[in-house]
Amino acid sequence: MSKHFKTSIGGQALIEGVMMRGPRKTAMAVRKPDGELETRIWDNKPARAWNRIPLVRGVVNMVSSLVVGYRCLMKSAEISTEGLEEEEPSRLEKWLEEKLGDNLMKAVMLVGSILGVVIAVGLFMFLPAWLVGLGEGVLPRWAMSLIEGFIKIGVFLAYMALVGLMPDMRRLFQYHGAEHKTIACYEAGEELTPENIRKYPRFHPRCGTSFIVIVLILGILIFSVVTWSNALVRTVLKLCLLPVVVGIAYELIKLAGRYDNLFTRIISFPGLKIQHLTTREPDDSMIEAAIASMKPVIPENEGEDIW
């Protein structure tokens, strides 16, 4: 493989591990409590017709990535705590286990997912709209949309900075850095070893952080056409327009991952800067996990994963 090509392989940090998705296979490598790496590999589902339709493919791929990523995250939590002694369950935990039995974990995951969505909509859509809506009649619409966008970005930055103070999240961000550095090393055509990977930056233009930033910035423009008459109505209308924003953001992040020119550098700049919050420098054990998840998804046919 020639040096400095762009790969379509992408990944995600997990609890004590890394997941990588290639053109044909997906793999995850997680560090168990005894220090050994457990690697799991499976075939990807065949690409559907809509994966080739601009804008539509962005929404489809985002949903697919969320589903796969969530499942891998839950599985990594199981693997990374396998064999550890459990604390004595509380009365509430005993009652829930008695009532739900084997469905307890599924119920907890479902409730957690619903709460996560509700909190995200409240923090990033309803709260900014409600705060800026207080200035209706005083500020022009374009100014209100701009202020709302800055509030969203401010909330996002504050949230990432705060969670980054938690030891477990710092480790997750280190695995995120290991994922990026490993992909960068592979794109440079070098052998995937900890020594080679260490020297590469932990920032990558084709990253979930950059995608979120582009969505927030695009939202300032697209959501400016939505009414300010009511914060709840505005939130509902923005949710309806969200697939449009996601579709455009996906096409932009795709360009940023494929090309290196002035336009793509401008697109990538905010996300790369914010990756200072969402990535940390990994240690060699984390890089080893990234390598273990990367190697199985590299296609046998050279060039099949060129972006």
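The values are calculated or read from the model by the stated rules, or taken from the named source; none is laboratory data. The structure presented is a predicted model; accordingly, all values stated were derived computationally and were not measured. With ideal geometry, Cβ positions are generated from the backbone for all residues, glycine too; neighbour counts draw on all protein chains shown. To get the accessible areas, we keep the full protein, side chains included, count just its heavy atoms, and leave off ligands, DNA and RNA. Shrake-Rupley method; radii C 1.70, N 1.55, O 1.52, S 1.80 Å.
Counting only the Cα atoms, the chain fills a convex hull of 160 Å³ per residue.
Got the relative contact order for the chain handy, in percent, Cα pairs under 8 Å and 6 or more residues apart?
Details: 408 pairs, mean separation 99.1, N = 307.
Relative contact order of the chain: 32 percent.
Count the net charge of all other residues whose Cβ sits under 11 Å from the Cβ of N44, scoring Lys and Arg as +1 and Asp and Glu as -1. All intermediate terms of the calculation are to be shown ahead of the outcome.
Values: positive: R21, R24, K25, K45; negative: D43.
That works out to +3.
Taken over segment 235-307, the convex hull of the Cα atoms encloses 172 Å³ per residue.
Report the semi-axes of the equivalent ellipsoid for segment 12-52 in whole Å, largest first, where each axis is √(5λ) for an eigenvalue λ of the Cα gyration tensor. List each step's numbers first, then the result.
On the way: eigenvalues 149, 19, 6 Å².
Those come to 27, 10, 5 Å.
Pairs spanning more than 32 Å between alpha-carbon atoms, out of K6/K45; K273/K295; K152/K295; K32/K254; K45/K199; K254/K295: K152/K295; K32/K254; K45/K199.
Provide the convex hull volume over Cα atoms per residue for segment 105-249, in Å³. Mind dumping the intermediate values first?
Numbers: hull volume 22.6 nm³, N = 145.
Given the Cα convex hull of segment 105-249, per-residue volume reads 156 Å³.
Values of log10 I(q)/I(0) for segment 163-289 across q = 0.09, 0.12, 0.15, 0.23 Å⁻¹ run -0.34, -0.56, -0.78, -1.22, by the Debye formula with one identical scatterer at each alpha carbon and no solvent.
Leaving out ligands and nucleic acids, and using a 1.4 Å probe, what accessible area per residue does the chain come to in Å²?
On the way: 17320 Å² over 307 residues.
Spelled out: the 1.4 Å probe surface of the chain, per residue, equals 56 Å².
Most tightly packed first, judged by the mean number of other beta-carbon atoms within 10 Å of their residues, the peptides 230-242, 43-55 read 230-242, 43-55. What does the net charge come to around F126 if you take all other residues with beta carbon closer than 10 Å to its beta carbon, with K and R at +1 and D and E at -1? Once positives and negatives cancel, what remains is +2. Could you look at the chain and say what percent of its accessible area is carbon and sulfur, using a 1.4 Å probe and all protein chains? It is 64 percent, rounded to a whole number.
Summary of packing: across the peptides 173-186, 260-273, 27-40, the per-residue average of other C-beta atoms within 10 Å ranks them, highest first, as 173-186, 27-40, 260-273.
At 0.692 mPa s and 37 °C, plugging the Kirkwood radius over alpha-carbon pairs of segment 213-269 into Stokes-Einstein gives what diffusion coefficient in µm²/s? The Stokes-Einstein estimate is 266 µm²/s.
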